[in-house]
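To start, the structure itself, in structure tokens.
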Amino acid sequence: MSRQAPAIADFRRIVIKVGSSLLVDAEAGRVKEVWLASLVADVARLHAAKRDVLIVSSGSIALGRSVLKLPKGSLRLEDSQAAAAVGQIALARTWSEALSRHGIQAGQVLVTLGDTEERRRYLNARSTLDKMMEWGVVPVINENDTVATNEIRYGDNDRLAARVATMASADLLVLLSDIDGLYDAPPGGNAQARLVPLVERITPEIEAMAGVANSELSRGGMQTKIEAGKIATSSGTHMVIASGKVEHPITAIEDGGPCTWFLTPANPITSRKRWIAGTLEPRGTLTIDAGAAAALRMGRSLLPAGVIRVDGQFSRGDAVIVRGPDTAEIGRGLVAFDVEDAEKIRGRSSSDIMSILGYDGRVEMIHRDDLVVNRD
Ligand code: GLU
């Protein structure tokens with residue numbers, strides 16, 4: 001049976017991601033105050049209805065470059081880092097002022113990739129957000145663009161917002177940008193392209209629809225939104241993509257305006273497994289045989305005997321991808337051995353491991369509590 005689009009009022013904790021092009025008037029070099037006030041009025045209404053709201057706001061680089069009157073075109077890393085330093089301070093003040101007009105306190109949170117990918121730091125960031133929400137403060141979150149380097153950064157706020165949503169155990173992620181949803185064909189100049197109102201599962205066909213549409217100001221096109229959808233929906237968070245080019249964009253969704261919903265499967269998973277499922281940077285891959293794949297799907301642990309190939313550079317406890325004999329991804333998990341040991345014991349029975357490794361390690365390559373198996 002196909003499922004229906006939910007209503008915003010159904011949700012308790014909502015992350016709203018705002019794209020740069022909505023917030024920053026690049027020509028004038030300032031924030032679009034009127035539009036922002038209309039969004040903040042929507043936020044205030046949700047807040048008054050006892051919903052927790054978290055904002056992920058882009059715009060530090062766009063705002064900084066227009067304040068500094070930097071030339072058009074792509075910026076070098078140090079230029080965008082320095083522009084972000086100027087833009088972020090203005091961005092945070094803008095949000096804080098807009099929210100305070102409704103009697104709401106804002107708190108600025110700047111995160112780097114490591115803050116969400118390393119479990120200890122992830123838990124730490126999560127308790128900070130929890131405390132802010134307990135106090136009724138609205139977190140205004142962005143990547144710490146001033147210190148994030150090319151190799152270690154999200155780069156786009158779509159995936160960052162999805163990661164924040166799973167970290168905060170939000171039940172809804174709203175992505176507002178200049179596109180009103182997912183189209184079944186590239187919308188530019190194609191009269192046949194239709195908006196897809198509901199995605200129950202992100203299939204390869206859905207991914208193919210994402211194409212490459214990018215807007216000038218933001219880094220994230222539809223592809224990063226689909227990636228965000230995967231992170232969110234695999235972790236128990238619904239997602240909706242809608243245009244923020246209208247005033248009161250949240251009200252517009254509630255009134256049935258154009259948007260695309262991505263639904264998460266009904267059965268919730270533990271927060272630890274959410275974290276594993278949403279890992280952005282797995283360190284390696286274990287390819288397993290058909291028997292082990294079947295055992296995993298029945299909820300068992302992965303034993304060394306079922307592993308046919310070990311790739312990557314991982315240490316004990318790192319996240320790895322598990323692939324079946326046909327190389328399709330079966331799931332993700334935290335591996336119990338360093339890559340060197342994993343290589344030595346792959347294909348071997350658990351009883352041999354002590355003599356191979358010279359110590360009595362855990363017999364599972366990935367324990368079932370550390371494993372998230374994708375739904376078919
Ligand atoms: N963190 C970037 C900024 O605030 C935005 C990244 C994005 O556009 O997705 O400028």
Do the sum for the chain: with -39,500 (n - 2.57) for every DSSP H run of n ≥ 4, divided by all residues, what is the mean residue ellipticity at 222 nm, to the nearest 500 deg cm²/dmol? -10500 deg cm²/dmol
Most positive-pole-ward Cα, 44, 88, 66, against dipole of region 1-107 from beta carbon charges: 44
Distance (nanometres) between label positions extended 7 Å along Cα→Cβ at residue 131 and residue 340: 4.1 nm
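For region 18-126, with every protein chain kept in place, what is the accessible area per residue (1.4 Å probe, Å²)?
Numbers: 5040 Å² over 109 residues.
For region 18-126, the per-residue accessible area is 46 Å².
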Which whole-number percent is the relative contact order of the chain (Cα, under 8 Å, 6+ apart)? 14 percent
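What does the charge dipole of region 28-77 about its Cα centre add up to, to the nearest 20 debye, if the Cβ of each Lys and Arg holds +1 and the Cβ of each Asp and Glu holds -1?
The calculation lands at about 240 debye.
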Please report the antiparallel percentage of DSSP beta bridges with both residues in the chain, rounded to the nearest 5. 40 percent
17 Å cut-off, amide nitrogen to a point 7 angstrom out along residue 41 Cα→Cβ, residues in region 236-255: 244-255
If packing is taken as the average number of other Cβ atoms within 10 Å across a peptide's residues, how do 322-331, 56-65, 26-35, 240-249 rank, most packed first? 56-65, 240-249, 322-331, 26-35
Taking the Cα centre of the chain as origin, sum charge times position over the Cβ atoms of Lys and Arg (+1) and Asp and Glu (-1), and report the length of that vector in debye to the nearest 20. 560 debye
Tell me, how many Å apart are the Cα centres for region 1-48 and for region 314-330? 37 Å
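Looking at region 283-366, which chymotrypsin sites (Phe, Trp or Tyr not before Pro) are in a loop (DSSP not H, G, I, E or B) and have at most 14 other Cβ atoms within 10 Å? It would help to have the intermediate numbers written out before the result.
On the way: sites: 314, 337, 359; in loops: 314, 337, 359.
Answer in residue order: 359.
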Using +1 on the beta carbon of Lys and Arg, -1 on that of Asp and Glu, and nothing else charged, what's the dipole of region 272-331 about the Cα centre, debye to 20? 320 debye
Just want the answer: with Cβ charges of +1 for Lys and Arg and -1 for Asp and Glu, which residue in 167, 373, 347 is farthest toward the dipole's positive end in the chain? 167
Grab the beta carbon distance between residue 289 and residue 100, set R0 = 56 Å, and tell me the FRET efficiency rounded to 0.05. 0.40
Label zone at residue 108 (point 7 Å along Cα-to-Cβ), backbone N below 12 Å, region 70-95: 84-95
With the contact rule set at Cα under 8 Å and sequence spacing of 6 or more, what percent relative contact order holds for region 232-358? 21 percent
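Would you work out what percent of the accessible area of region 220-346, with all protein chains in place, is carbon or sulfur (probe 1.4 Å)? Please list the in-between numbers first.
Values: 2540 of 5130 Å².
Carbon and sulfur together cover 50 percent of it.
Would you work out what percent of the accessible area of region 29-106, with all protein chains in place, is carbon or sulfur (probe 1.4 Å)?
Values: 2070 of 3730 Å².
The nonpolar share, carbon plus sulfur, comes to 56 percent.
Between residue 357 and residue 120, what FRET efficiency follows from the Cβ-Cβ distance if R0 is 25 Å, with the result rounded to 0.05? Mind dumping the intermediate values first?
Working: r = 27 Å, r/R0 = 1.07.
E(calc), rounded to 0.05, equals 0.40.
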Counting only DSSP loop positions in region 81-141, the GluC sites (Glu not before Pro) whose Cβ has at most 15 other Cβ atoms within 10 Å are 118
Which of rounded, prolate or oblate describes the chain when judged by the alpha-carbon gyration tensor and an a/c cut-off of 1.5? prolate
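The values are calculated or read from the model by the stated rules, or taken from the named source; none is laboratory data. Note that this is a predicted model, so its numbers are computed, not measured. Positions of Cβ are generated from backbone atoms using ideal geometry, with glycine treated the same way; all protein chains shown enter the neighbour counts. Ligands, DNA and RNA are stripped out before the accessible areas are found, and what is left, the full protein with its side chains, is counted by its heavy atoms. Shrake-Rupley method; radii C 1.70, N 1.55, O 1.52, S 1.80 Å.
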